[in-house]
Amino acid sequence: MEQRAVGRSGLRVSRIGLATHTWGKETDADDAAVQLVAFVEAGGTLVDTSPAYHGGASQRILGGLIDELVPRGDLVLSGCAGLVPVPGVLDPAGAPAAEIHWAVDASRRTLMRQLDHTLAELGTDYLDIWSVAAWDPHTPLDEIATTLEYAVRSGRVRYAGARGVNAWQLATLAAAAPITAAAVPYSLLARGPERDIVPAAQHHGVGLIATTALAGGILTGKYRDGVPADSRGADEATAAEIRDRLDERATRVVDALVTAADGLGTSPLAVALAWIRDRPTVAGMIIGARDIAQLTGILAAETLELPRAIAAALDDVSRG
């Protein structure tokens, strides 16, 4: 798998990254182990986790696999901090992730406490990328910036990043702290970052990590003929989100993906991922899979080279 530099840094990551947000709910520890081994054997390095994924179950499962199945040095581990469960709403222990209500707290106390907890659960001394999980208007920018700098200086973190930020927030944070990576939702159905986040990232030398690159599975074409029983669209917790995206524009984009995939002898999923992979400033993308079959389909996108005419056609049909 090709490795790319993240922004104007020496950090290199695999173009496809493994998201672990299904681990601990839809993916058990045994299936997670199979996924991780297959991912690394395919040349993948970037693996993303978070203490907010299923009350921390994701990173606990990952921690049990590092060094037992895959050497720590073979991975570029990405994590974050700054989301806390809202007191009195729901105890996250054992609760379904969709039922947990989160608040943003990027104070130095919370960020460092969560970082140390993540390191302990993963059984590692450092994270390769550690991001503030969301913009916190209640914590002074200087406090967030110096916390990120301290995490790097102390050796707990190699590179700092940001998630859940818009363009001005990214630019403001990058001007005050050593931000190397920014994880943003970006896909054929979510092209908003091109208006402002991409230029801001280019200006500050920040590499983008695309998330939700398949738009909740819509870009795989699975919803063309209805809602599969095992899909997110059938899950009560996420059904409304999927329904809101299934509009006329989505239909046009998916139809174009299916046509392109038929002509190239591949899947709509692979075409959608190859398109976002090749966008300017994108260093990589993190994609989650429920099982090894889904992961195998995702990894197939690595070798797909989109002809310019197809990429341009998708570009045109997906403009909002």
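Of the residues that make up region 243-266, is at least one assigned to a helix (DSSP H, G or I) and in contact with a strand residue (DSSP E or B) (Cβ under 8 Å, 6 or more places away or on another chain)? No, region 243-266 contains no residue that is assigned to a helix (DSSP H, G or I) and in contact with a strand residue (DSSP E or B) (Cβ under 8 Å, 6 or more places away or on another chain).
Residues of region 1-58 that are β-branched (Val, Ile, Thr), touching a residue at least 60 places away in the same chain (Cβ under 8 Å) and closer than 21 Å to LEU304 by Cβ: VAL13, ILE16.
So which residues in region 149-163 are within 20 Å of the chain's Cα centre (by Cα) and buried (at least 20 other Cβ atoms within 10 Å of the Cβ)? Across region 149-163, the qualifying residues are VAL157, TYR159, ALA160, GLY161, ALA162, ARG163. Kindly evaluate ILE66 against the criterion of being β-branched (Val, Ile, Thr), open to solvent by less than 20 Å² (accessible area, probe 1.4 Å) and over 18 Å from the mean Cα position of the chain (by Cα). Taking the combined requirement at face value, the residue satisfies it.
For region 45-57, a residue qualifies if it is open to solvent by 10 Å² or more (accessible area, probe 1.4 Å) and over 15 Å from MET285 (Cα atoms), and the qualifying residues are PRO51, ALA52, TYR53, HIS54, GLY55, ALA57. Considering region 283-320, the residues that are more than 23 Å from ASP48 (Cα to Cα) and of a type in the set (Val, Ile, Thr) include one that is surrounded by the most Cβ atoms within 10 Å (Cβ to Cβ), namely ILE310.
Any residue in region 267-274 that is more than 24 Å from VAL184 (Cβ to Cβ) and either at pLDDT 95 or above or buried (at least 20 other Cβ atoms within 10 Å of the Cβ) (or both)?
At the first step, the residues of region 267-274 found to be more than 24 Å from VAL184 (Cβ to Cβ) are 267.
If we keep only those that are either at pLDDT 95 or above or buried (at least 20 other Cβ atoms within 10 Å of the Cβ) (or both) too, we end up with 267.
Looking through region 267-274, at least one residue is more than 24 Å from VAL184 (Cβ to Cβ) and either at pLDDT 95 or above or buried (at least 20 other Cβ atoms within 10 Å of the Cβ) (or both).
Entry remark, region 25-44: residues being farther than 19 Å from THR212 by Cα, part of a loop (DSSP other than H, G, I, E, B) and open to solvent by 30 Å² or more (accessible area, probe 1.4 Å) number 2 in total.
So which residues in region 177-227 are open to solvent by 40 Å² or more (accessible area, probe 1.4 Å), touching a helix residue (DSSP H, G or I) at 6+ places or on another chain (Cβ under 9 Å), modelled with pLDDT of 95 or more and more than 24 Å from THR20 (Cβ to Cβ)?
Just the residues of region 177-227 that are open to solvent by 40 Å² or more (accessible area, probe 1.4 Å), to begin with: 178, 185, 194-196, 199, 202-204, 212, 222, 224-225, 227.
In the following step, the residues that additionally are touching a helix residue (DSSP H, G or I) at 6+ places or on another chain (Cβ under 9 Å) were identified as 178, 185, 195-196, 199, 203-204, 222, 224, 227.
Okay, now just the ones that are also modelled with pLDDT of 95 or more, so 185, 195-196, 199, 203-204.
ARG195, ASP196, PRO199, HIS203, HIS204, listed by residue number.
Contact map, region 299-311: first residue more than 15 Å from ALA38 (Cβ to Cβ) and in a loop (DSSP other than H, G, I, E, B), second residue open to solvent by 30 Å² or more (accessible area, probe 1.4 Å) and of a type in the set (S, T, N, Q), Cβ cut-off under 9 Å, separation 6 or more or different chains; pairs are LEU304/THR266.
Which residues, taken from region 1-18, are part of a strand (DSSP E or B) and farther than 17 Å from ALA274 by Cα? Result: ALA5, ARG12.
If I filter region 87-107 down to residues being in a helix (DSSP H, G or I) and surrounded by fewer than 14 Cβ atoms within 10 Å (Cβ to Cβ), which single residue comes out as modelled with the highest pLDDT? Only one residue fits best here, namely GLU99. Would you confirm whether or not region 288-296 contains a residue that is of a type in the set (A, V, I, L, M) and within 16 Å of the chain's Cα centre (by Cα)? Within region 288-296, one or more residues are of a type in the set (A, V, I, L, M) and within 16 Å of the chain's Cα centre (by Cα).
Being open to solvent by less than 20 Å² (accessible area, probe 1.4 Å), part of a helix (DSSP H, G or I) and over 30 Å from ARG319 (Cβ atoms), is that true of even one residue in region 130-146? There is at least one residue in region 130-146 that is open to solvent by less than 20 Å² (accessible area, probe 1.4 Å), part of a helix (DSSP H, G or I) and over 30 Å from ARG319 (Cβ atoms).
The values are calculated or read from the model by the stated rules, or taken from the named source; none is laboratory data. Quantities reported herein were computed from a predicted structural model and do not represent experimental measurements. Here Cβ is always computed from backbone atoms with ideal geometry, including for glycine, and neighbour counts include all displayed protein chains. When the accessible area is computed, the model is the full protein with side chains, heavy atoms only, and any ligands, DNA or RNA have been set aside. Shrake-Rupley method; radii C 1.70, N 1.55, O 1.52, S 1.80 Å.
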